[in-house]
Amino acid sequence: MVVVTRDRRTRLMTTLAHLTALPEPLDVLVVDNASGDGTAGAVVRRFPQVRVVRSPANLGAAARNIGVGSVSSPYVAFSDDDSWWEPGALARACDLFDDRPGLGLIAGRILVGERGETDPTCLTMATSPLPSGAGSVGPSVLGFLACGAVVRRRAFLQVGGFHPRLMIGGEERLLAIDLSVAGWVLAYVDDVVARHHPAPGPRAGRRRRETRNAVWTAWLRRRALGAIGETMWAVRRAGDPEAALGLLDALGGWRWVLRERRPVPAGLDRALALVDGWDGSASPSA
């Protein structure tokens, strides 16, 4: 289990209380993303059974790469500092991985807040139009939410994990595409359940980063028409000031994006188009 946090000590304490109370035997590793609020020390004092790795800089989502590289278990579950897993969920995930050697990632069902409403992205994944591949245990997907995902460690390391430039906000899609290119199955599994208790209100800059990362991911992996389509989606959102800033950020990275661009095979690009719809109403998700 890998948990990434930055300057949210109080929320992390709640998350760790839930994770360490799970009935499954679980090794929990926290990657502290250069917090300035004493997070690492608080974890050591209150949860001595939890390992802590201190990152000297804020690596965003790429801090999860440090976590995965620091454990030896064949499967790794992710939690954010405001999310945790239901009892039995991780045992169920391990059984599914054991039985299906081609399964690379499980996207679980995420229940949000005190009311436990299913996250809208999970509802989208549950109705994925993609055909289920061999070894799948649920609808095939080309995206996921990291706070409710379990990954095969070997698959994660094979593709390099999360891209260091994307930070937090829509960073999962690029990893999902890379796992699929490498031949791994990604599936949504409704009975692998996580809880997410985000702070009320939008996070500052989140929409900006999501827009930037959607455009970067498109040009890193989509073929030309798909990349243009996703860019036009971002342009249509540019009436939103945050989205407009994200689009400008994306344009500022064109040199490194073109340098790292590796378009996916045509069949996968068609699958991405099928998921997204591109009728003007859809945005990159499952």
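Taking the options Ala17, Ala40, Ala61, name whichever one is open to solvent by 30 Å² or more (accessible area, probe 1.4 Å), of a type in the set (A, V, I, L, M) and touching a strand residue (DSSP E or B) at 6+ places or on another chain (Cβ under 9 Å). Reasoning before the result, please.
Values: Ala40 fails: open to solvent by 30 Å² or more (accessible area, probe 1.4 Å); Ala61 fails: open to solvent by 30 Å² or more (accessible area, probe 1.4 Å).
Criteria check complete, one pass: Ala17.
Could you tell me which of the residues Ala149, Ala182 is small (Gly, Ala, Ser), surrounded by 23 or more Cβ atoms within 10 Å (Cβ to Cβ) and under 28 Å from Ala91 (Cβ atoms)? If you could, list the steps in order and put the result at the bottom.
Numbers: Ala182 fails: surrounded by 23 or more Cβ atoms within 10 Å (Cβ to Cβ).
Going through Ala149, Ala182 in turn, the sole match is Ala149.
Condition test on Gly169, is it farther than 16 Å from Val264 by Cβ and open to solvent by less than 20 Å² (accessible area, probe 1.4 Å)? Can you show your working first?
On the way: farther than 16 Å from Val264 by Cβ: yes; open to solvent by less than 20 Å² (accessible area, probe 1.4 Å): yes.
Yes; evaluated as a whole, the condition is true for this residue.
Could you please find all residues in region 1-14 being open to solvent by less than 40 Å² (accessible area, probe 1.4 Å) and either part of a helix (DSSP H, G or I) or in contact with a Pro (Cβ under 6 Å, 6 or more places away or on another chain) (or both)?
From region 1-14, those open to solvent by less than 40 Å² (accessible area, probe 1.4 Å) are 1-5, 12-13; that's our starting set.
Correct list: Leu12, Met13.
Between residues in region 18-45 that are farther than 20 Å from His196 by Cβ and without any contact (Cβ under 8 Å) to a residue 60 or more places away in the chain and residues that are open to solvent by 30 Å² or more (accessible area, probe 1.4 Å) and in a helix (DSSP H, G or I), which pairs lie under 7 Å by C-beta distance while being six or more apart or on different chains?
Short answer, once both residue conditions are applied: Asp37/Arg9; Gly38/Arg9; Ala42/Arg9.
Just one of Thr127, Thr231, Thr211 is crowded, with 23+ Cβ neighbours inside 10 Å, hydroxyl-bearing (Ser, Thr, Tyr) and farther than 18 Å from Ala63 by Cα; which is it?
Numbers: Thr127 fails: crowded, with 23+ Cβ neighbours inside 10 Å; Thr231 fails: crowded, with 23+ Cβ neighbours inside 10 Å.
Answer to the check: Thr211.
Output the qualifying pairs, or none if there are none: Cβ atoms under 6 angstrom, residues six or more apart or on different chains, first residue in region 1-17 and within 23 Å of Ala91 (Cα to Cα) and touching a residue at least 60 places away in the same chain (Cβ under 8 Å), second residue charged (D, E, K, R) and open to solvent by less than 20 Å² (accessible area, probe 1.4 Å).
So the pair list comes out as Val2/Arg64; Val4/Arg64; Leu12/Asp81; Thr15/Asp81.
Please work out which one of (1) open to solvent by 20 Å² or more (accessible area, probe 1.4 Å); (2) under 22 Å from Leu29 (Cα atoms); (3) in contact (Cβ under 8 Å) with a residue 12 or more places away in the chain is the condition Phe162 fails and give its number.
So the condition that Phe162 fails would be (1).
Name the single residue that is nearest to Val2 (Cα to Cα) among those in region 68-101 being charged (D, E, K, R) and open to solvent by 30 Å² or more (accessible area, probe 1.4 Å).
Here is the first cut: in region 68-101, the ones charged (D, E, K, R) are 80-82, 86, 92, 95, 98-100.
Those still in the list that are open to solvent by 30 Å² or more (accessible area, probe 1.4 Å) too: 80, 86, 92, 95, 98-100.
On the way: Asp80: 8, Glu86: 16, Arg92: 18, Asp95: 19, Asp98: 20, Asp99: 23, Arg100: 22 Å.
So, considering only residues that are charged (D, E, K, R) and open to solvent by 30 Å² or more (accessible area, probe 1.4 Å), the one nearest to Val2 (Cα to Cα) is Asp80.
I want to confirm something. Restricting to region 20-37 and keeping residues that are acidic (Asp, Glu) and at pLDDT 95 or above, which single residue is surrounded by the most Cβ atoms within 10 Å (Cβ to Cβ)? Quick ask: steps written out before the conclusion?
The first filter runs over region 20-37 and keeps only residues acidic (Asp, Glu), leaving 24, 27, 32, 37.
If we keep only those that are at pLDDT 95 or above as well, we get 27, 32, 37.
On the way: Asp27: 13, Asp32: 26, Asp37: 15.
Top of the filtered list is Asp32.
Exactly one of these conditions fails for Leu258: (1) in contact with a helix residue (DSSP H, G or I) (Cβ under 8 Å, 6 or more places away or on another chain); (2) open to solvent by 70 Å² or more (accessible area, probe 1.4 Å); (3) at pLDDT below 95. Give me its number.
(3)
The values are calculated or read from the model by the stated rules, or taken from the named source; none is laboratory data. Not measured: the values here are computed from a predicted model. We place every Cβ from the backbone using ideal geometry, glycine too, and count neighbours over all the protein chains shown. Protein only, heavy atoms only, side chains kept; ligands, DNA and RNA dropped before computing areas. Shrake-Rupley method; radii C 1.70, N 1.55, O 1.52, S 1.80 Å.
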